[in-house]
Amino acid sequence: MKVLFVNEAGVRRLLTMDVCVPLMRDALSALSRGDAVQPLRSLVRLPDGSGLLGLMPGYLGDPQSFGIKVVTVMPGNHGTPYDSHQGVVMLFAVKHGEPLAVMDASSITAIRTAAASAAATDALARPDAGDLALIGSGTQAHTHLAAMRTVRPLRRVRVWSRNRENAERFAREAETVAGVATEVASSAEDAVRGADLVCTTTSSREPVLRGSWLAPGAHVNAVGSCFPAARELDTEAVKRSRLVTDCRESCVKEAGDFLIPLREGAIEDSHLLGEIGDVFLGKLKGRTSPEDITVYESLGVAIEDLASAHAIHRRAVERGEGEWLEWGGPGGAF
């Protein structure tokens, strides 16, 4: 038996953004129609609070995929050569349970998170949206710039980061690699004012986006926060929005952007309209008017990783790519 091993370069070669966006639309639709098993992630925290190990298992019915992502989250890695999220995605066969593939999780996470935001943006943002504000200048900002370009023609891009040098580096790379002219904003407010697409991609525990800055009709992808006590959006931003998420259970257990305004009494449970998969399936209307402010609350769920891994495995087989190593041997009695 041979198992496929795919490193970061292989993932980026086999899981391009144009391939991944429709994958995420299909996977999140499957979740909302009940064709998936999606437990909440479980976490093992280091005693000093410096990081954690996350376990994200799941099953997806179409395409039939079975596996787990194991990932470390180390916020202290920002500004170092190490990603804040590192790990592996492991794919198993459904019938006999044999391992099929081991893949780099950092690159899958970076691509599939942004691709899910792009699918949500295509469903929720105004058709003429194209003025993009990026809050944060790390990996997710890079992939979100690429993802937003797949669903809307961008006429203006602004980026803001707490570290101006990082924002300036991002702008140079966006110009050189992607050919996208990007302005460095002097503040988060300056980046967001007038934007009709906003992506928050930070590790902040306190709001970096205020509702008073948002223009009527704006769409927000809230990506960076996935813990109950941390948030990127202030209460006013959430109150003003039509709020949808990737997975309802994850949102009501893990999303500080939703839970903190709820605890404050500023919103009710019903403010969370539903899952983006319900919008894709036509069960829920995301945007009701050009003036609506819409928010996609992204927690990141295992079925996104599984759909990505399934596609990478299939494309590697078709193209004869990746490293294939012998694994295990004949079974026997203990």
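The values are calculated or read from the model by the stated rules, or taken from the named source; none is laboratory data. As the structure is a prediction and not an experimental result, all values here were calculated from the model. Every residue, glycine as well, gets a Cβ built from its backbone with ideal geometry; the counts of neighbours run over all protein chains shown.
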Discussion item. Tell me the residue from Asp128, Asp104 that is under 23 Å from Leu214 (Cα atoms), modelled with pLDDT of 95 or more and of a type in the set (Asp, Glu), please.
Written reply: Asp128
Worksheet entry | Given (1) buried (at least 17 other Cβ atoms within 10 Å of the Cβ); (2) under 18 Å from Gly224 (Cβ atoms), number of the condition Pro75 does not satisfy | (1)
Practice prompt. Check Glu304 against each of (1) part of a loop (DSSP other than H, G, I, E, B); (2) modelled with pLDDT of 95 or more; (3) surrounded by 14 or more Cβ atoms within 10 Å (Cβ to Cβ) and name the one condition it does not meet.
Written response: (1)
Discussion item. For segment 105-127, check the following and say yes or no: at least one residue is within 16 Å of Asp305 (Cα to Cα), among the hydrophobic types (A, V, I, L, M, F, W, C), in a strand (DSSP E or B) and not assigned by TED's automatic domain parsing to the domain that holds Thr245.
Written reply: no
Discussion item. Return the residues of segment 48-63 that are out of contact with any Leu (no Cβ under 8 Å at 6 or more places or on another chain), at pLDDT 95 or above and closer than 14 Å to Val94 by Cβ; say none if nothing qualifies.
Written reply: Pro57, Gly61
Discussion item. Go through (1) at negative phi; (2) crowded, with 22+ Cβ neighbours inside 10 Å for Asp131 and report which single condition fails.
Written reply: (2)
Discussion item. Just checking, does segment 44-59 include any residue being surrounded by fewer than 20 Cβ atoms within 10 Å (Cβ to Cβ), β-branched (Val, Ile, Thr) and touching a Phe, Trp or Tyr at 6+ places or on another chain (Cβ under 9 Å)?
Written reply: no
Worksheet item: Out of segment 43-91, which residues are assigned to a loop (DSSP other than H, G, I, E, B), among the polar types (S, T, N, Q) and touching a residue at least 60 places away in the same chain (Cβ under 8 Å)?
Response: Ser84
